[in-house]
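The values are calculated or read from the model by the stated rules, or taken from the named source; none is laboratory data. Treat the numbers as computed from the prediction; the structure is a model and nothing was measured. Cβ placement follows ideal geometry from the backbone for every residue including glycine, while neighbour counts extend to all protein chains displayed.
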Amino acid sequence: MSQTLKQKPTTHGFAKAAIKELGWWRAHKFLFLRRLCQVCVFALFAISPFIATWAGVWLLKGNLSASELFGVVPLSDPLASLQVLMTGHLPELSLLLGAVIIALLYAVLGGRVFCSWVCPVNMVTDLASWLRRKMNLPRTTEMPRNLRYYLLALVLILPVLTGLTVWEWVNPVPVLYRAALFGAGSGLWILAAIFLLDMFISERAWCGHLCPTGALFGLIGKVSPVKVSAVNAKDCDNCMDCFVICPERQVLKPALKGKQPMITDSDCTQCGRCIDVCAQRVFQFQNRKNQNRIALKAENNQ
Amino acid sequence: MSTVNQSKFAAKGVNRRQFLATSAKATCAMGLLGMGLTAVAKQSSQLDPLAIRPPGALSEDDFLSACVRCGLCVEACPYDTLKLARWFEGAPTGTPYFTARNTPCEMCEDIPCVKACPSGSLNHELTDIDDSKMGIAVLTDEKNCLNFKGLRCDVCYRVCPLIDDAITLEMQHNARSGHHAMFLPKVNSDSCTGCGKCEHVCVLEEPAIKVLPTHIALGKTASHDTYINTEETTLEMLNKGLEL
Ligand code: SF4
Ligand code: SF4
Ligand code: SF4
Ligand code: SF4
Ligand code: SF4
């Protein structure tokens, strides 16, 4: 089956081969699952106040900057917490504990899992890149990918110099949550700006090159055991669909063409879209330690 | 072999030069960006110097360095007093504040907003709400305050949770009628918590009494001003003199 596909030139449109080979659902599975995840996390925050008045238990309180799970477990954004520390203010233990819990969580799940499965900005930048694809906008000159680490450094140095958590004025990541949960909709202009940047100025400009939150989660994820791996790299027929869809496409080449099939680059957001769009079933989620296929519940349902 | 080395070296030189150039560019860009961001942050924190913070809030600068803008205090407040600031409105974006005229602080005994704050920007050492200093009420307009007109409005006085302590009525002869008394509301800045209940209930269209942030409401003695001490010293001397 895959033999015939291999010969076929795949010039008849993006991911058509995958949809034909795997069916529409399987060719969009991870996209659907992570959208569901993004919406569910948000919905948990949004409906918690109502559940609280009805059942007296807060599921999730706060927003992505800092929150409380079941009213006891603190969770907080490591970047925001680091910024507070850099101003010289020693926060309550719960903030630091929350940051450690979140950092550990993503160190296990994969750092940028936050980006593709939780972060609300991801929906905006994915929309921009989808429109870009639909409208056939040309690929623009690339900014250096490591710009985000410079920005991360800047975000952490500014509090030392100014005593203010400067980045939190413009950080787009909490904006959507704040807008919807606390009615602070006027911050949405930042998301609009990012959308326009990604759409018309530079492809994947924000998440792929600039966002310091993504950069920090990338660093946290360096130790993660969960990775995407090009297990069947030999079957790759160079259709380039994964390159088209991948938000961090520089991570793909070493896996497909290099010695080691595992995508160890921490820039990978583990979105699983490369698994979705590949008719040749080249990619899989894998455990770095024993290289066993991770039995993802969703995959078992198939 | 030497040529290989040469080219290798040359390539390295170019790389290093490129690297330096890129780093310089990036550093400049980040420097500019940093200045821009700082300007935005400084500007908008100065934009609304009248923001009244929740109980226990650190001084404005420290508050802005500590608050992560999570809204946990907002969700903890049972009276919907607190709001997270929107852009260019009320307070620096995302930080909690309240507008006393709309919804004052009800001064909850257990201070849930402070307990909820994970960053400590609301100081957890505040355990008695009567010690809080969200601001200081100031009778800003003696002209329109009804009590100053000789009427017995008193609503600000009567609504104050610390009645006769944070706010008192000072009886004064009414020179206008000649034989009535005037009761003038007077705020005691040592006791006033800044809850804003007085501002909330003031019957005027624009309240004559307003809660201002402490750093605006209160004056401050310069460190070289010694007359207060002089007074003390004089008293001391007099006392000593009497002792002898
Ligand atoms: S890179 Fe930043 S904005 Fe993009 S998805 Fe990740 S955290 Fe969100
Ligand atoms: S390599 Fe695959 S999982 Fe990783 S970011 Fe790219 S498309 Fe997503
Ligand atoms: S003391 Fe009570 S009413 Fe006042 S801000 Fe805190 S929670 Fe709200
Ligand atoms: S709970 Fe504390 S950190 Fe969170 S918004 Fe309120 S004051 Fe800021
Ligand atoms: S703000 Fe007004 S009501 Fe509140 S304590 Fe001060 S004087 Fe009393």
- Message: Which residue is modelled with the lowest pLDDT, if the candidates are limited to the stretch A:149-173 and must be part of a loop (DSSP other than H, G, I, E, B) and facing another protein chain (nearest Cβ under 7 Å)?
- Response: A:163
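On the basis of being away from ligand 5 (no atom under 16 Å from the Cβ), of a type in the set (Phe, Trp, Tyr), over 20 Å from residue A:179 (Cα atoms) and modelled with pLDDT under 80, does residue A:14 make the cut? Break it down into steps so the answer makes sense when it comes.
On the way: away from ligand 5 (no atom under 16 Å from the Cβ): yes; of a type in the set (Phe, Trp, Tyr): yes; over 20 Å from residue A:179 (Cα atoms): yes; modelled with pLDDT under 80: yes.
In short, yes.
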- Given (1) modelled with pLDDT of 85 or more; (2) more than 17 Å from residue A:80 (Cα to Cα), number of the condition residue A:198 does not satisfy: (1)
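Yes or no, residue by residue, for (1) modelled with pLDDT under 85; (2) away from ligand 5 (no atom under 16 Å from the Cβ); (3) in contact with a Phe, Trp or Tyr (Cβ under 7 Å, 6 or more places away or on another chain):
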site: B:42; (1), (2), (3): yes, yes, no
site: B:49; (1), (2), (3): yes, yes, no
site: B:56; (1), (2), (3): no, no, no
site: B:68; (1), (2), (3): no, yes, no
site: B:89; (1), (2), (3): yes, yes, no
site: B:93; (1), (2), (3): yes, yes, yes
site: B:112; (1), (2), (3): no, yes, no
site: B:119; (1), (2), (3): no, yes, no
- Message: Considering only the stretch B:14-22, I want to know if a residue exists there that is part of a helix (DSSP H, G or I), in contact with a helix residue (DSSP H, G or I) (Cβ under 6 Å, 6 or more places away or on another chain) and at pLDDT below 80.
- Response: no
- Message: What pairs come out if I take residues in the stretch B:191-211 that are on the phi > 0 side of the Ramachandran plot and pair them with residues that are basic (Lys, Arg) and away from ligand 1 (no atom under 16 Å from the Cβ) whose C-beta lies under 8 Å away, six or more apart or interchain?
- Response: B:194/B:133; B:196/B:101
- Note on the structure: Per the filter on the stretch B:26-65, residues touching a residue at least 60 places away in the same chain (Cβ under 8 Å) and more than 11 Å from every other protein chain (Cβ to nearest Cβ) are B:49, B:50, B:51, B:52, B:53, B:54, B:55, B:56, B:57, B:59
- Over the stretch B:66-89, the set of residues within 9 Å of chain A (Cβ to nearest Cβ) and not in a helix (DSSP H, G or I) is B:67, B:68, B:69, B:70, B:71, B:83, B:84, B:85, B:86, B:87, B:88, B:89
- Query: For the stretch A:218-247, what are the residues that are touching a residue at least 60 places away in the same chain (Cβ under 8 Å) and closer than 15 Å to residue A:145 by Cα?
  - Reply: A:218, A:219, A:247
- Residue by residue through the stretch B:90-125, note down the ones that are over 13 Å from the mean Cα position of the chain (by Cα), within 12 Å of another protein chain (Cβ to nearest Cβ) and assigned to a loop (DSSP other than H, G, I, E, B). B:93, B:94, B:117, B:118, B:119, B:120, B:123, B:124, B:125
- Message: Would you confirm whether or not the stretch B:168-188 contains a residue that is of a type in the set (A, V, I, L, M), within 19 Å of residue B:49 (Cα to Cα) and at pLDDT below 90?
- Response: no
- Message: Consider the stretch A:94-145. How many of its residues are under 18 Å from residue A:228 (Cβ atoms) and part of a helix (DSSP H, G or I)?
- Response: 11
- Message: Could you tell me how many of the residues in the stretch A:269-287 are of a type in the set (Phe, Trp, Tyr) and at positive phi?
- Response: 0
- Hey, among B:169, B:151, which residue is more than 16 Å from ligand 1 (Cβ to nearest atom), in a strand (DSSP E or B), farther than 30 Å from residue B:114 by Cβ and among the hydrophobic types (A, V, I, L, M, F, W, C)? B:169
- State yes or no: is residue A:255 near ligand 2 (Cβ under 10 Å from one of its atoms), modelled with pLDDT under 80 and in contact with a Pro (Cβ under 7 Å, 6 or more places away or on another chain)? yes
